[in-house]
1. Given 5 Å bins starting at zero, what is the percent of C-alpha pairs of segment 197-241 in each, up to the one with the largest pair distance?
2. Lys/Arg Cβ at +1, Asp/Glu Cβ at -1, dipole of segment 120-162 taken about the Cα centre: which of Val160, Ser148, Leu129 is farthest positive-ward?
3. Name the GluC sites (Glu not before Pro) in segment 104-137 that are in a loop by DSSP and that have at most 13 other C-beta atoms within 10 Å, would you?
4. Excluding Asp227 itself, calculate the net charge of residues whose Cβ lies under 10 Å from the Cβ of Asp227, where each Lys or Arg counts +1 and each Asp or Glu counts -1.
5. Around Val45, under 12 Å between beta carbons, what's the net of Lys plus Arg minus Asp minus Glu among the other residues?
6. Where the eigenvalues come from the Cα gyration tensor of segment 84-127, what are the semi-axes √(5λ) of the equivalent ellipsoid, largest first, in whole Å?
7. Let me spell out the model: positive unit charges on the Cβ of Lys and Arg, negative unit charges on the Cβ of Asp and Glu, origin at the Cα centre of segment 198-264. What dipole size does that give, in debye rounded to 20?
8. Can you work out the Karplus-derived ³J(HN,Hα) for every residue in segment 63-75? Use 6.51 cos²θ - 1.76 cosθ + 1.60 with θ = phi - 60°, whole Hz, and x for glycine or proline.
Amino acid sequence: MLQGQKALVTGANSGIGKATAIGLGRAGADVVVNYIADRAAAEKVVKEIERSGVRAYAHEADVSQEDQVTGMIATMVEEFGTIDILVANAGLQRDAPVTEMSLDYWRKVLDVNLTGQFLCAREAVKEFLRRGVVPEVSRAAGKIICVSSVHQIIPWAGHVNYASSKGGVQMMMATLAQELAPKRIRVNAVAPGAIRTPINRSAWETQSAEADLKKLIPYGRVGDPEDIASAVVVMASDLLDYVVGTTLYVDGGMTLFPGFETGG
Ligand code: NAP
């Protein structure tokens with residue numbers, strides 16, 4: 001589905017990013033596995049991707065640092081020749097009630113979750129525009145998939161920094177999509193619901209926590225990283241070439257206001 005394409009996945013040594021990087025490799029893409037701290041975990045992902053017969057390497061960079069992002073894309077162009085797919089996935093939480101939320105917590109989450117996606121998108125777009133459409137590779141000059149969250153539209157008490165960052169991702173994605181569609185660049189988002197990864201371990205690691213979580217999920221199961229990976233692979237492929245500026249919610253129905261199933 002993605003043969004010959006070159007993909008960068010940020011935050012790809014864990015959780016959703018890891019599954020997505022492996023999924024893109026299985027679909028035929030060469031993959032850069034971005035990570036910030038755990039090189040050994042990133043190298044394991046690289047090995048797993050290589051089992052699909054494609055190329056991969058790990059690249060350490062903090063997506064919130066402009067020079068590191070610029071360097072990461074420049075290295076990718078040197079190593080792989082170009083970039084066709086950016087999956088802007090790296091993200092984190094720093095939770096606190098508003099009265100206890102420090103400016104550091106606020107800034108950290110906005111810096112990584114929103115500014116990090118912006119910086120990666122900006123640098124990828126420069127290369128998409130330089131290269132243009134290569135019809136044998138893809139109908140688009142480039143694809144950006146922002147990993148957002150159901151919290152781009154569901155308010156989340158105690159997480160004002162995170163929800164604000166994802167609301168920002170939604171508008172950044174739509175604005176870039178509008179600006180870049182005439183250049184044949186597709187910008188879209190995938191918005192996960194509750195996916196079993198380290199970021200939300202406390203929400204699923206005990207039986208009672210998981211039971212509470214499931215009350216918010218009409219489909220009745222917590223998602224797996226592979227649920228998101230599949231959505232990203234299809235979103236990046238020419239099967240969805242006419243999909244521009246959309247958010248695909250992959251959430252087991254979490255955004256369907258499940259409280260209204262019996263109430264209201
Ligand atoms: P995760 O397992 O904690 O993965 C997050 C990844 O981002 C890690 O690889 C992390 O590296 C990396 N990262 C953090 N700060 C970074 C930085 N400054 N530069 C580069 N990489 C950085 O969590 P996840 O659930 O897979 O999250 C992936 C994305 O999905 C996030 O954007 C998250 O908001 C979104 N999401 C997740 C869920 C869910 O239920 N899991 C739901 C909605 C949205 P380290 O581990 O080294 O810090």
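1. Result returned by the calculation: 5, 19, 20, 20, 13, 11, 8, 4, 1.
2. Comparing the listed Cα positions along the dipole, Leu129 ranks first.
3. Passing sites in segment 104-137 are Glu136.
4. -1
5. Residues near Val45 contribute +1 overall.
6. Value: 28, 9, 5 Å, ordered largest first.
7. 240
8. In residue order, the calculated couplings are 5, 8, 9, 4, 5, 5, 5, 4, x, 5, 6, 4, 5 Hz.
The values are calculated or read from the model by the stated rules, or taken from the named source; none is laboratory data. Computed from a predicted model, the values in this text were never measured in an experiment. Note: ideal-geometry Cβ built from the backbone for every residue, glycine included; neighbour counts use all protein chains shown. Side chains included, ligands, DNA and RNA excluded: accessible areas come from the protein's heavy atoms. Shrake-Rupley method; radii C 1.70, N 1.55, O 1.52, S 1.80 Å.
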